[in-house]
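Below is one structure, written out as structure tokens; the observations come after it.
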Amino acid sequence: MDTRNGFIEAIGNTPLIRLRGASAETGCEILGKAEFMNPGGSVKDRAAWWMIREAEKNGALQPGDTIVEGTAGNTGIGLAHICNARGYACVIYMPDNQSPEKVEILETLGAEVRVVPTVAYTDDMNYQKQAGRYAESMDGAVWVNQFDNIANRLAHYESTGPEIWEQTEGSVDAFACAVGTGGTISGVSQYLKQHREDVHLVLLDCIGSALYDYVATGTPVLSEGTSITEGIGNSRITDNLAGSQIDWALRISDQDMVNQVYRLLREEGWLFGSSTGINVCGAIEVARKLGPGHTIVTMLCDGGGKYRSSLFNREWLSAKGFRVD
Ligand code: PMP
């Protein structure tokens, strides 16, 4: 019997799914790590648990304490589930440009959600900084600080990376994914590189983010425009991303992402979120660069159900200037 004992044990050990269209089109094996199958519905369940586990281990977190975090939503959802499972209160700061569905899920889970105006990281009223200040002002509160808390990348070094290595029996030629905190790319890359020196590690960036330039030139410079993707892109090099071994970067447009998520829906039955659209586009580009016969792994970060009112709402999309072919 393959039984998992409770919520925490249900995190991770997700299957690797062969994307049929992308694989057929490129002559490569394009495999997606099914992170949407985590119990909180996204890749961030892993980081949420590792960060809480670390805080429990080092004594920062005591029974009945409050977890405070600034998040685009998925880390908050993972944290809110775990807070219930382990007896903590949960306060979440979110910028107001994220999907309303994520706020609703957080509230259903019992988190106190504070939606704040979307401002740059350099502004004192940025959601991450507000979360940090709030936790500091309160007794018995712990700020998770996912961007600079390296228990986040440790989650992927200790779980996602080894799973990908074992599931591909070491045949992975390239790993490509989009970056928010950098926990995923940096933890997975570190593990894969230790096992295979010549593996290609590729950062996928959306528009309006500074990470493509960072990989290309060493300096993070924001690209022009804004992206409708959620949970990815960054203006700065977080502690999680710093020092990670990335070979190259690709920038993917929002229109290509939109085409990809609808194609996956219509042709293969998948309902994925925007970061997964970026990831599949990027994996296909990597496959084209490497040529047929290679194995490329990417992340299927979350499902599309949380984006019904945006990415999967045709009126919303066309008001933003996107086509759905
Ligand atoms: N995709 C989604 C849907 C996310 O919520 C996140 C995390 N914000 C990412 C991708 C990026 O993952 P990471 O923070 O590990 O870079």
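Couple of notes before you dig in:
- Whether region 149-276 is rounded, prolate or oblate, judged on the alpha carbon gyration tensor where a/c under 1.5 counts as rounded: oblate
- For the chain, convex hull volume per residue from C-alpha positions, Å³: 133
- Calculated on the alpha-carbon coordinates, the convex hull of region 201-325 measures out at 116 cubic angstrom per residue.
- Theoretical gain in end-to-end length, Ala10 to Arg288 [0.36 nm per residue, Cα-Cα removed]: 96.6 nm
- The Cα-based radius of gyration and maximum Cα-Cα distance (Dmax) for region 44-143 are 12.7, 35 Å.
- Per-residue 3J(HN,Hα) values for region 135-143, derived from phi via the Karplus relation 6.51 cos²θ - 1.76 cosθ + 1.60 with θ = phi - 60°, read 4, 5, 7, 10, 6, x, 10, 10, 8 Hz in sequence order (x marks Gly and Pro).
- Distance (nanometres) between label positions extended 7 Å along Cα→Cβ at Asp123 and Arg266: 3.8
- With Cα atoms, 0 to 90° folded angle of helix 44-57 axis to the chain main axis: 40
- Orientation-averaged projected area, Cα convex hull of region 17-87 (nm²): 6.1
- Gained length - Asp139 relative to Asn97, 0.36 nm times residue gap less alpha-carbon distance: 12.1 nm
- GNM flexibility winner over the chain from Thr219, Thr229, Thr238 (Cα, springs under 10 Å): Thr219
- The chain: angle of helix 274-290 to the longest principal axis, Cα-based, in degrees nearest 10: 40
- Per-residue 3J(HN,Hα) values for region 10-21, derived from phi via the Karplus relation 6.51 cos²θ - 1.76 cosθ + 1.60 with θ = phi - 60°, read 7, 7, x, 6, 7, x, 9, 10, 7, 8, 5, x Hz in sequence order (x marks Gly and Pro).
- Interchain or long-range residues, amide H under 5 Å from Arg114's placed H: Ile92, Tyr93, Met94
- Listed values for region 22-33 are Karplus-derived 3J(HN,Hα) couplings in whole Hz (6.51 cos²θ - 1.76 cosθ + 1.60, θ = phi - 60°), namely 4, 5, 5, 5, 10, x, 10, 8, 9, 10, x, 7, and x replaces Gly and Pro.
- For region 123-164, the spread of Cα positions along each principal axis, largest first, Å: 40, 26, 10
- Highest-fluctuation residue, Thr295, Thr160, Thr217 considered, GNM on the chain with Cα pairs under 10 Å: Thr217
- Neighbour-limited loop hits for GluC sites (Glu not before Pro), region 219-325 (at most 16 other Cβ within 10 Å; DSSP other than H, G, I, E, B): Glu224
- Cα long-axis angle, helix 183-195 against the chain (0 to 90 degrees, to the nearest 10): 60
- Neighbourhood net charge (12 Å Cβ-Cβ; Lys/Arg +1, Asp/Glu -1) for Ala283: 0
- Sequence ranges 87-97, 190-200, ranked by mean other-Cβ count within 10 angstrom, highest first: 87-97, 190-200
- Cysteines in the chain lacking a second Cys C-beta under 4.7 Å: Cys28, Cys177, Cys206, Cys281, Cys301
- Solvent exposure, largest accessible area first (probe 1.4 Å, DNA, RNA and ligands not counted), of Arg4, Arg20: Arg20, Arg4
The values are calculated or read from the model by the stated rules, or taken from the named source; none is laboratory data. All figures in this text were calculated on a predicted structure; none of them were measured in a lab. Note that each Cβ is placed from the backbone with ideal geometry, even for glycine, and that neighbours are counted across all protein chains shown. When the accessible area is computed, the model is the full protein with side chains, heavy atoms only, and any ligands, DNA or RNA have been set aside. Shrake-Rupley method; radii C 1.70, N 1.55, O 1.52, S 1.80 Å.
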